[in-house]
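Heads up, the thing below is written out as structure tokens.
The values are calculated or read from the model by the stated rules, or taken from the named source; none is laboratory data. From a predicted model like this one, the values you see are computed outputs, not experimental measurements. Virtual Cβ from ideal backbone geometry, glycine too; neighbours counted across all protein chains shown. When the accessible area is computed, the model is the full protein with side chains, heavy atoms only, and any ligands, DNA or RNA have been set aside. Shrake-Rupley method; radii C 1.70, N 1.55, O 1.52, S 1.80 Å.
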Amino acid sequence: EGVPINQIAYKDNQDILDLIEGKGGILQTLDDATTGVKLTDAQYTAKLIREHDKHANFVKPKFVAQNPLLFGVKHYAGEVMYTTEAFIEKNESQQPPEVVELMDTSDNPVLKDLTHEFEDGGKAKGAAHGKKTVSSSFRRSLQSLIQRLSDAEANFVRCIKPNKEKVPVKFESTQVVDQLRLSGAMETVKIRQSGFLIRTQHLDFAKRYLLLVSKEDKAGLLKNAKSSSNFFLSMNSDGYAAAKTLMSLLPKVIPAEKFKETDMACGKTKTFLRSDLYRALEEARRKALTGPAIKIQALARGYITRKEMKVVFEINNALKECTAQAGELKWGGVAPLKNSMRRATIIQDCLTTMDIQLQRALGLTIKLPNLPLYIRARAKFAAQATIARQLSDNKSSTNVPLMQALIARAASHSMQGELVDSCVKREGVVAKQFRLRRILQDSAYYDVLEDAESAISEAQSAGLDKKDSWVLSDGPDCWASALRRREELQMEHKERARAIGDLEVQMKAVATSLDLTTIEVLLVQSSAYNMKGDLVDALSQRCDKLRVQIPLSKELKHVVACDDAAELDDIMAKMDGQGLDVPATWLLPEGPMLYANLAHAVMDLSHAKGLRKRDHTLKAATKKEAGPQVEDRELADILKSGQDDRIKGFKALLGVETMLVVLGKPLLDKLMERCGSIEKQACILRSLQKGAVTGNLEELNGILLKVAKAGLDNADVWLLPEGARLLARNHNRQKKLEEDAQNLANLKGDILAQLQQITSTVDIPAMKALLALADVYSVKGKEHEAVRDRCKALEMQVPLVEALFACGVTDDEAHLKQVMAKVQEAGPPQ
């Protein structure tokens, strides 16, 4: 660039190079020891120590005797110790003659050229006897490299390792500084610092620092630079003239203590500056830019602020409107949305708008003063939007607690309007229907017709007698179930009325009967039906009398053989206390006669009371003659009664001796025939009761066959009322058991088919499961046995197969013999 500079001193390592490859150096001495007089490694090391002991960069070991093969060199990067073991041997570079001769006879031209190279280039300069060595080849290669570097314009890339482990994100400053120092980078920096650090084009230098000079000087500079503009340097300006003029003006703008003429120079194409002057120029430039920069910033900030304020007013007004819609602020006559909620989407859209405006407000550099109010309003607006959305989603819901909770939350936020009203109406309808549905569900289990009719009437008054009126999915089913239950109760009511009528007929029929058991049964049935009235009272009184008279009559039958006067007196007193000393009070026809027998017995045994007893006996005889007579009409009614199923009562009645005289033989025969039929049906009835609960189809078929043989397979021939009902139950039971038997047969067939299919597989778990299923349903046969045998065989063979597979890779002969023995024990090898 034509700039005069002083000579820059830098560190040189030529003395180290001379020590290594100079005349008499380490490498030449090695060549002499290799090609000249043969030396050993120890002799070579001793020669080096003897000749270079005084050299500043040669390192002699402290204990030569203990380390005869050791020497060192102080390189530029540091001290390095070398061991000369096998140095002489490794330095030889002669090729075997046979190899050279073989390559010379080759047809490959490359190999021939290499042969000539061995012959021509094998002599190293400076090597004894012209023999080629490794060190001579190295020196020739190094000289060639230096020559090429001298002829070229070299550029170097310094590679610095940040750490020894060569891993990322790890920086070791000590290692980096060592690499910079040893690679010469620090020397390069020192050399660069001692010269001109800043080097810029003339025009760039003038443009950058033109603002430092005054207007007059600036005009002169632009004139000298021949600029096409009066305000700045144009691209076609004379950069050298501009830089030269500016450098002459710098003493006016730079303080004298910071300005040195030697810190700058103007070259042919560049302007050169030292670091001190460069820092002074930059500081002056920053001061010169401060005033205009502040003015420009003020204008720009004012423009930006006015522009932002427009956005601030826009966002603030939008947020005020949203806040007023949320009911937190009165502004511009905007009504809160919560006072007239129509749709959830409206408040959701307003909330979205508010979110957008709040997001914009948070991004403003000018903060809104009412921003906390807007954020609180947004939180309440979000709660209202959430409630509105939930109300909208649950307008058709049937979850009463949820709807009540939502309505309560809406009320807490003072929310009104069509949406809230519709949900309130819906909640009332659903709650009412839940209550009526529960009543209708309960009515399905009512036993009182009036309660069921009351529940149906209440639901009907609410308009729920139509399917479309229900909002609950199971409402129509509950309504239908209640109607069915009402019909059932109506049928039961009719049946009860009919049963009470039949029971009244039976009670009238036994009003004069002596069958205590039948009367007691009828009284129990009347109590079950809660019957009241004269008929029930009369029959109850007759039952009480029979309960007294029947045991007494049994005692009276044995008084003839009794000779205990005290016992007879007790019986007589008991009968007198019951008023049975009057024949008319007896219900049993044999009662007066038995009482007369008692009187005779007492008279015979007690002579001391003869007179009183005699009078008493005469009175009893008189009452006997006036005793009650059994009328044929009453017995005929008993005969016609289809409900008199108490055989014991019939026999007791027919066993009276006076019946033959009173009834006559035809009527007595009919009664005896009816008694026999009832005895026969009672026996069959017990079998039907057993058949109604049996699970054995064969047993049930036998019972029905027995019924058919007895001629009782028709419901109309039954005298006992429960006979026809039990017969129907047995027939239904027979159909059910036949269906079950058919299903079982089909299942057994499927099991047999699966047993046939699985005989060709090796799935042991599936076989065991199928065999267990067959055992449960008692499926037997050859298929069952075949699968069972196959399963046993597989359970035995699977471990053997695994053992044989393992034998394929084992070297244990004893184990092999043991496995083969197990295979032979299992059967033939087929």
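Taking the range 758-786 as the range and being more than 20 Å from Ala741 (Cβ to Cβ), open to solvent by 80 Å² or more (accessible area, probe 1.4 Å) and assigned to a loop (DSSP other than H, G, I, E, B) as the test, the residues that pass are Ser760, Val762. Here the condition is being assigned to a helix (DSSP H, G or I), modelled with pLDDT of 80 or more and of a type in the set (Asp, Glu); of Glu699, Glu673, Glu722, Glu679, it holds for Glu699 alone. Name, by its number, the condition in (1) farther than 22 Å from Leu222 by Cβ; (2) open to solvent by less than 20 Å² (accessible area, probe 1.4 Å); (3) of a type outside the set (Gly, Ala, Ser); (4) more than 46 Å from the chain's Cα centre (by Cα) that does not hold for Leu250. Here Leu250 clears every test but (1).
Asp477 meets the conditions (1) under 36 Å from the mean Cα position of the chain (by Cα); (2) of a type in the set (D, E, K, R); (3) within 30 Å of Asn530 (Cβ to Cβ) in every case but one. The failed one is (3).
Against the numbered list (1) open to solvent by 70 Å² or more (accessible area, probe 1.4 Å); (2) modelled with pLDDT under 85; (3) within 30 Å of Lys270 (Cβ to Cβ), Glu1 comes up short only at (2).
From the list Lys432, Lys467, which residue is in contact with a helix residue (DSSP H, G or I) (Cβ under 6 Å, 6 or more places away or on another chain) and surrounded by fewer than 16 Cβ atoms within 10 Å (Cβ to Cβ)?
Values: Lys432 fails: in contact with a helix residue (DSSP H, G or I) (Cβ under 6 Å, 6 or more places away or on another chain).
The unique qualifying residue is Lys467.
Give the residue, chosen from Gly239, Gly195, Gly267, Gly291, that is among the small types (Gly, Ala, Ser) and touching a strand residue (DSSP E or B) at 6+ places or on another chain (Cβ under 7 Å).
Numbers: Gly195 fails: touching a strand residue (DSSP E or B) at 6+ places or on another chain (Cβ under 7 Å); Gly267 fails: touching a strand residue (DSSP E or B) at 6+ places or on another chain (Cβ under 7 Å); Gly291 fails: touching a strand residue (DSSP E or B) at 6+ places or on another chain (Cβ under 7 Å).
None of the other options fit; the residue is Gly239.
Any chance the range 52-70 includes a residue that's in contact (Cβ under 8 Å) with a residue 40 or more places away in the chain, in contact with a strand residue (DSSP E or B) (Cβ under 9 Å, 6 or more places away or on another chain) and charged (D, E, K, R)? No, the conditions are met nowhere in the range 52-70. Among the numbered conditions (1) open to solvent by 10 Å² or more (accessible area, probe 1.4 Å); (2) in contact with a helix residue (DSSP H, G or I) (Cβ under 7 Å, 6 or more places away or on another chain); (3) not in a loop (DSSP other than H, G, I, E, B), the only one that Met403 does not meet is (1).
The residue that is modelled with the lowest pLDDT, counting only those in the range 523-544 that are in contact with a helix residue (DSSP H, G or I) (Cβ under 8 Å, 6 or more places away or on another chain) and under 17 Å from Leu580 (Cβ atoms), is Arg542. Given the structure, is Ile550 out of contact with any Ser or Thr (no Cβ under 8 Å at 6 or more places or on another chain) and among the β-branched types (Val, Ile, Thr)? The answer is yes for Ile550.
Conditions (1) closer than 22 Å to Ser135 by Cα; (2) within 60 Å of the chain's Cα centre (by Cα); (3) in a helix (DSSP H, G or I); (4) among the basic types (Lys, Arg), marked per residue:
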residue: Val64; (1), (2), (3), (4): no, no, no, no
residue: Tyr82; (1), (2), (3), (4): yes, no, no, no
residue: Asp107; (1), (2), (3), (4): no, no, no, no
residue: Lys112; (1), (2), (3), (4): no, no, yes, yes
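Of all the numbered requirements in (1) at negative phi; (2) free of Cβ contacts under 8 Å to residues at least 40 places away in the same chain; (3) not polar (S, T, N, Q), Tyr446 misses one, and that requirement is (2). Here is a check on your reading of the model: is Leu281 out of contact with any His (no Cβ under 8 Å at 6 or more places or on another chain) and crowded, with 16+ Cβ neighbours inside 10 Å? Spelling it out, Leu281 is indeed out of contact with any His (no Cβ under 8 Å at 6 or more places or on another chain) and crowded, with 16+ Cβ neighbours inside 10 Å.
Scanning the range 202-216 for residues that are out of contact with any Phe, Trp or Tyr (no Cβ under 7 Å at 6 or more places or on another chain) and either open to solvent by less than 40 Å² (accessible area, probe 1.4 Å) or assigned to a strand (DSSP E or B) (or both) yields Leu203, Phe205, Ala206, Tyr209, Leu210, Leu212, Val213. Of the residues making up the range 693-723, those that are of a type in the set (A, V, I, L, M), exposed (fewer than 15 other Cβ atoms within 10 Å of the Cβ) and more than 60 Å from the chain's Cα centre (by Cα) are Leu705, Ala708, Ala710, Ala715, Val717. Any residue at all in the range 331-353 that is at pLDDT 85 or above and either surrounded by fewer than 16 Cβ atoms within 10 Å (Cβ to Cβ) or assigned to a helix (DSSP H, G or I) (or both)? Checked against the condition, which is being at pLDDT 85 or above and either surrounded by fewer than 16 Cβ atoms within 10 Å (Cβ to Cβ) or assigned to a helix (DSSP H, G or I) (or both), the range 331-353 yields at least one hit.
Would you confirm, using the coordinates I've provided, whether Lys260 is out of contact with any Ser or Thr (no Cβ under 8 Å at 6 or more places or on another chain), in contact (Cβ under 8 Å) with a residue 12 or more places away in the chain and open to solvent by 20 Å² or more (accessible area, probe 1.4 Å)? Answer is yes for this residue. From the list Asp740, Asp750, the one residue that fits, being assigned to a helix (DSSP H, G or I), open to solvent by 50 Å² or more (accessible area, probe 1.4 Å), in contact with a Gly (Cβ under 9 Å, 6 or more places away or on another chain) and closer than 30 Å to Glu785 by Cα, is Asp740. Being open to solvent by 70 Å² or more (accessible area, probe 1.4 Å) and polar (S, T, N, Q) is a property that Asn732 has.
Answer yes or no as to whether Phe381 is open to solvent by less than 40 Å² (accessible area, probe 1.4 Å), over 30 Å from Lys494 (Cβ atoms), without any contact (Cβ under 8 Å) to a residue 60 or more places away in the chain and not small (Gly, Ala, Ser).
Working: open to solvent by less than 40 Å² (accessible area, probe 1.4 Å): yes; over 30 Å from Lys494 (Cβ atoms): yes; without any contact (Cβ under 8 Å) to a residue 60 or more places away in the chain: yes; not small (Gly, Ala, Ser): yes.
In short, yes.
Among residues of the range 225-253 that are acidic (Asp, Glu), those with a Cβ under 8 angstrom from a residue that is open to solvent by less than 100 Å² (accessible area, probe 1.4 Å) and assigned to a helix (DSSP H, G or I), sequence gap 6+ or separate chain, pair up as Asp238/Asn224.
Is it true that Lys74 is closer than 24 Å to Arg140 by Cβ, among the charged types (D, E, K, R) and either surrounded by 11 or more Cβ atoms within 10 Å (Cβ to Cβ) or within 60 Å of the chain's Cα centre (by Cα) (or both)? Spelling it out, it is not the case that Lys74 is closer than 24 Å to Arg140 by Cβ, among the charged types (D, E, K, R) and either surrounded by 11 or more Cβ atoms within 10 Å (Cβ to Cβ) or within 60 Å of the chain's Cα centre (by Cα) (or both). Among residues of the range 417-429 being in contact (Cβ under 8 Å) with a residue 60 or more places away in the chain and in a helix (DSSP H, G or I), the one that is most open to solvent (accessible area, probe 1.4 Å) is Glu418. Summed over the range 146-201, the residues that are part of a helix (DSSP H, G or I) and open to solvent by 90 Å² or more (accessible area, probe 1.4 Å) give a count of 8.
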